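Following: one structure in structure tokens, then a few remarks.
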Amino acid sequence: GQNIDQPTEMTATEGAIVQINCTYQTSGFNGLFWYQQHAGEAPTFLSYNVLDGLEEKGRFSSFLSRSKGYSYLLLKELQMKDSASYLCAAPSYSGAGSYQLTFGKGTKLSVIP
Amino acid sequence: GAVVSQHPSRVICKSGTSVKIECRSLDFQATTMFWYRQFPKQSLMLMATSNEGSKATYEQGVEKDKFLINHASLTLSTLTVTSAHPEDSSFYICSARDDRGRGVEETQYFGPGTRLLVL
């Protein structure tokens, strides 16, 4: 099965840097996703890591360590609009070339002035 | 990018009635679609995997007779909540997998969600 753990809530200041951690235990590893979800909206894709290391994409970066079962999402130059829930998700193969996602409970980030 | 729509975006109904939610992939074909449910302050929970031309696969604890799924075409899946009750009030989100996708990264595109309130 899949077990994904991330902090429930975090608060950070506008302009600062914040790191959101995710630890996972999966029966088979197929990479790790990060999604952003604003209240009342569907998740939007942020990143997908399958190899160890840091991948940078603008203000957002995602890191993966497969040996440690650990990932983090790094948000730089925080803006008020970054206030949202950030979901860590692991795909598992469901047959016929398809993968289903298991989501963590999400980390609600509040950016304050 | 790929677009997935859901209709309606919001629905209020009386207890005991049935509600149908549509999920459409607008610019790609999707043999596989997924239905999720999200309660307030909770994460997305996969309810079922919808497969075009065959029966849906339901997750443990999800009643298949209560949540009817029909994947009648490569661009449309519907979820019908039968005899809805207040505890079914939730945010229902669908996602669709582009059939052209080859890797795990090209996994799912999410619809905007449907908020159901059962009175």
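Read the figures in this text as sums done on the coordinates, not as results from a lab. Since this is a predicted model, take the numbers as computed values, not measurements. No Cβ is skipped: glycine too gets one built from the backbone with ideal geometry, and neighbour counts run over all protein chains shown.
A simple count of charges around A:Leu64, restricted to other residues whose Cβ falls under 12 Å of its Cβ and scoring Lys, Arg +1 and Asp, Glu -1, yields 0.
At a 10 Å Cβ-Cβ cut-off, how would you order A:Ile20, B:Ile12, fewest neighbours first? Don't jump to the answer; show the numbers that get you there.
Working: A:Ile20 22, B:Ile12 12.
So the residues, fewest neighbours to most, are B:Ile12, A:Ile20.
Pairs exceeding 20 Å between alpha-carbon atoms, taken from B:Lys20/B:Lys41; A:Lys108/B:Lys64; A:Lys76/A:Lys108; A:Lys57/A:Lys81; B:Lys14/B:Lys41: B:Lys20/B:Lys41; A:Lys108/B:Lys64; B:Lys14/B:Lys41. Cα centroids of region B:68-100 and region A:1-43: 25 Å apart.
With pairing defined as another cysteine C-beta under 4.7 Å, the cysteines of chain B that fail it are B:Cys13.
Shielding value for A:32-41 is 3, the average number of Cβ atoms from other chains within 10 Å of each residue's Cβ. Using every pair of separate Cα atoms, the Kirkwood estimate puts the hydrodynamic radius of the protein assembly as shown at 18.3 angstrom. With the cut-off at 1.5 for a/c, could you classify region B:11-50 from its C-alpha gyration tensor as rounded, prolate or oblate? Since a/c reaches 1.5 but b/c is at least a/b, the shape of region B:11-50 is classed as oblate. Across chain B, the mean sequence separation of Cα contacts (distance under 8 Å, 6 or more residues apart), normalised by length, yields a relative contact order of 36 percent.
So what's the net charge close to B:Glu63: Lys and Arg +1, Asp and Glu -1, counting the other residues with Cβ under 13 Å from its Cβ?
Value of the local net charge: -1.
Note down the relative contact order for chain A as a percent, whole number, built from C-alpha pairs under 8 angstrom at least six residues apart. Once divided by the residue count of chain A, the mean separation gives 36 percent. Exposure proxy ranking for B:Cys13, A:Cys88, based on other Cβ atoms within 10 angstrom of each Cβ and starting from the fewest, stands as B:Cys13, A:Cys88. Here's how it looks for B:Asp98: its modeled amide H is under 5 Å from those of B:Tyr109, which are all 5 or more places away or on a different chain.
For chain A, what D do you get in µm² per second when you plug the Kirkwood radius from alpha-carbon pairs into Stokes-Einstein at 4 °C and 1.567 mPa s? The calculation lands on 91 µm²/s. Using a ≥ b ≥ c from the Cα gyration tensor of region B:55-102 (square roots of the eigenvalues), is it rounded, prolate or oblate, where a/c under 1.5 gives rounded and otherwise the larger of a/b and b/c decides, a/b for prolate? It comes out prolate by the Cα gyration axes. The overall shape of region B:1-116 is prolate: from the C-alpha gyration tensor, with semi-axes ordered a ≥ b ≥ c, the ratio a/c is 1.5 or greater and a/b exceeds b/c.
DSSP assigns beta bridges within chain A; of those with both partners inside it, close to 90 percent run antiparallel.
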